[in-house]
Amino acid sequence: MKKFIMLAALILGFTSQIQATEFVFTAIPDQDESALKKRFNKIAVYLEKELSVKTKYIPVKSYAAAVTAFRNNQVQLAWFGGLSGVRARQLVKGSKAIAQGFEDPFFETYFIAHKSSGLKPSLSFPKGMAGKTFTFGSKGSTSGRLMPEFHIRKAFGKTPDKVFKRVGFSGSHSRTVALVNSGAYEVGAVNFKVYKKELNAGKIDQKKVSIIWKTPGYPDYNWSIRGDTDKKFGKGFTNRVQKALIGMKDPVLLRSFPRKSFIKAVNKDFKPILDTAREIGLID
Amino acid sequence: MMTLAFAILGVALANFTGFLLAVIFHYRAVRVACAFVRAVHELFWALIFLQIFGLTALTGVLAIAIPYSGICAKVYAELLEEADPAPMQAIPNGTSIVSLFFYAKLPGVWSNVKTYSFYRLECGLRSSAVLGFVGLPTLGFYLETAYKEGLYSDLSALLIVFYVLISTVRKWMRRETIPVLLIAACVVLPESGAMTWSNAWRFFAHDIMPTPIRNVETITIPIMLETWFWFQTLILNEALPGILNTIVLTMIALAATGILSLLFFPLISSLFFGPKSRLAGHTILVVIRSTPEYVIAFVLLQLLGPSMFPAVVALSFHNAAIIGHLIGNFSNHLRLRPDRSKGINLYSYETLPRIYPQFLAFLFYRWEVIFRETAILGILGVKTLGFFVDSAFADIRFDRAIVLIIITALLNIFIDILSRSIRSRLRLQTSLDTH
């Protein structure tokens, strides 16, 4: 019996260890995970050099896990999508968006279709997709869920469930591309940046997959930081992080996102996302 | 390694608390509490603890320890109840309860307890691997990553590691190695980030309160109405469709399990096959039943898209392999006339009627298990209750998640009671050596 009590004490001891001085960040898992790991470990090295504070990246399995880690102060900085960023900042008082990609204020979602669906590219919303099989990306994604769902509801006046034969959540943009490419789903909604990246990587067979519609632009990805970071790492730390992110010039680092550069951001840039999320009932 | 560490610590903790609870199992409150904690699937527990403790070792260990405590408590209590009363009667009055328990009751059931805790460890390994799917660093984590990125050779390597792990449990888990393994498990636990009790407090006091009453000082009638409306919407839009799909899927899977297990059991029965082909049969069944149904379903769903079919296949194959194994063994002990018939006649006229009561008993016994698993498959995209729970967690709406989890648990308890009453009405006797 003693053994077990000691064991319990050990477990508690392990978990209450607090690493006070490490600056930790995470990112939403929107693409292939091994690619993310490589990309953000490089970012960690870069930030550590710029900030002279020990910096670490931790991988998470879902968008919600990224938000929770941010909320629980297990990470102080995060690379969020539009929706996850809005959610996270709502939950952590004083937290703010400090940077976004150059392309992020005018982000787009592509609706892509497999040849077998018979759908053709169009300028207006292609209503012919009703009754097909359709996949979103992650449940918590902006470009893979929120915006496409918003446009689907607007066009049909019905929830996606009622519009399509079958609705799936692939989990990530790379996965959406793969599923439509293989024909497992006839139509999918995907982040335009990831689509282009997969296209360049030769992972899309253009004889089989085509873009049938592009959404109007909307604000998306952002770096957000907790409000109490200055207290923990010293005055002006938040500003230094912002400077380091915006000052990122190494093309190797930027290409992996892929973004041309990072620019400043403020919370209210993402107000349209919050409004849309409220409108379709994803945020109370 | 993490898979092992979580499984060992979780199961050890569960055995200990389960045993303590078993001793006081005659209190109704304890029984109800145990029924409730075991009705909630490990993955749901993990999702809850992720909110409280984050990605820490404690999340993994507790997600296994809590439901398993409930299961162990029930099984051990049943074992103790069925213990041979003779030594108890032989002891003079006035002996203290403690020594009565340790010297008269416990020795009689000890070997059963031991066997069962081994079996639990096997289940624990399976659960622990599956926990990776929600982000803990166990085999499931790498399995999912490998699959999603199309690294199929990694995938098969991981699966093989897993089979080896499970099939060799009895080799490395012995009385002498237990303390070593426990300590080793503590050492390899992943380093944990900061964890504060305020997170836990916030979760209970704030997050799981229904949204309308979360931020108000006093509860007034309009707010109560709003809460009722919130609850109603949740029930109509998510719980009811979820319940319906879960039950439909459970029943189809149950029927399919029945049919498949009748096909499977002859594979290992000495009535139908010689020793060599039986060995092959055994191997097939072991592989099918040690693959977690969650993993089978995951692979099939990725291939076929989210419909009920892959879920039915996964659930029925896994459970049929278990039942097939049990009734196959049972059929080996049947005594038939020397001039019995052969082949299909032997199967349908001699064997089947004799094993049928056992078959039904096991099938009803798995009913509750199948329901639990059906609910959880929702996380993979089939629209059972788990789908809505997962969505609620993805939307950071823990209030909804908790209501849905409670509904799932209550249904599970209901099915458990129903299956028990059906079994006792049919007077089906079974030795419960598996869960």
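Derivation of every value follows stated rules applied to the coordinates shown; laboratory data play no part. Values in this document were obtained by computation on a predicted structure and should not be read as measured data. Neighbour counts are summed over all protein chains in view; Cβ atoms, including those assigned to glycine, are modelled from backbone coordinates with ideal geometry.
Values for this structure:
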quantity	calculated
Order by protection proxy (mean Cβ within 10 Å, highest first), peptides A:239-250, B:314-325	B:314-325, A:239-250
Isotropic mean projected area of the C-alpha convex hull, segment B:205-426 (nm²)	15.4 nm²
With Cα atoms, 0 to 90° folded angle of helix A:33-51 axis to chain A main axis	40 degrees
Highest to lowest packing among A:42-50, A:134-142, scored as the average C-beta count within 10 Å	A:134-142, A:42-50
Helical contribution to [θ] at 222 nm, DSSP H n ≥ 4, -39,500 (n - 2.57), averaged over chain B, rounded to 500	-23500 deg cm²/dmol
Overall form of segment B:204-306 per C-alpha gyration tensor (a/c, 1.5; a/b vs b/c)	prolate
17 Å Cα-Cα reach of A:Lys158 towards aspartates and glutamates, excluding residues that sit fewer than 8 places from it in its own chain	A:Glu149, A:Glu279, B:Glu238
Per-residue mean of C-beta atoms belonging to partner chains within 10 Å, peptide B:385-395	4
Reach of B:Lys74 by Cα under 20 Å, taken over aspartates and glutamates that are not fewer than 8 positions away in the same chain	B:Glu42, B:Glu82, B:Asp84, B:Glu122, B:Glu368, B:Glu373, B:Asp416, B:Asp433
Aspartates and glutamates with Cα under 17 Å of A:Lys120, excluding same-chain neighbours fewer than 8 positions away	A:Glu186, A:Asp205
Pairs beyond 25 Å (Cα-Cα), from A:Lys165/A:Lys208; A:Lys37/A:Lys235; A:Lys37/A:Lys139	A:Lys37/A:Lys235
Under the span-like rule (Cα at least 27 Å along the axis, Kyte-Doolittle mean at least -0.5), DSSP H helices of chain B	B:2-23, B:57-81, B:106-131, B:240-264, B:308-332, B:352-377, B:398-425
Cα-based equivalent ellipsoid of chain A: semi-axis lengths in Å, sorted from largest, via gyration tensor	36, 22, 19
Ellipsoid equivalent to chain B - semi-axes via the Cα gyration tensor, in Å	36, 28, 24
Which listed pairs, of A:Lys56/A:Lys249; A:Lys154/A:Lys207; A:Lys193/B:Lys383, have C-alpha distances above 24 Å, in listed order	A:Lys154/A:Lys207; A:Lys193/B:Lys383
Approximate spin-label separation B:Ser270-B:Val286, in nm, with each point projected 7 Å along Cα-to-Cβ	1.9 nm
Computed FRET value (nearest 0.05) for A:Lys207 with A:Ser122, which takes r as the C-beta separation and R₀ as 22 Å	0.70
Fraction in percent of alpha-carbon pairs per bin - 20 Å, the protein assembly as shown	16, 47, 30, 7, 0
Rg to Rh quotient for segment B:330-412, alpha carbon positions, Kirkwood Rh	1.35
Estimated D of segment B:56-178 in µm² per second, where Rh is the Kirkwood radius over Cα pairs and Stokes-Einstein applies at 20 °C, 1.002 mPa s	123 µm²/s
Projected label distance in nm at B:Val32 and B:Leu236, using a 7 Å step from Cα toward the beta-carbon	3.1 nm
Hydrodynamic radius of segment A:108-214 per Kirkwood, over alpha carbon pairs, in Å	13.2 Å
Mean Cβ neighbour count within 10 Å, used as a protection proxy, ranking B:105-117, A:101-113, B:263-275 highest first	A:101-113, B:263-275, B:105-117
DSSP beta bridge pairing in the protein assembly as shown, given as percent antiparallel to the nearest 5	65 percent
Peptide B:176-183 - average C-beta neighbours from other chains (10 Å radius)	1
Average beta-carbon neighbours from other chains, 10 Å sphere, peptide B:132-139	2
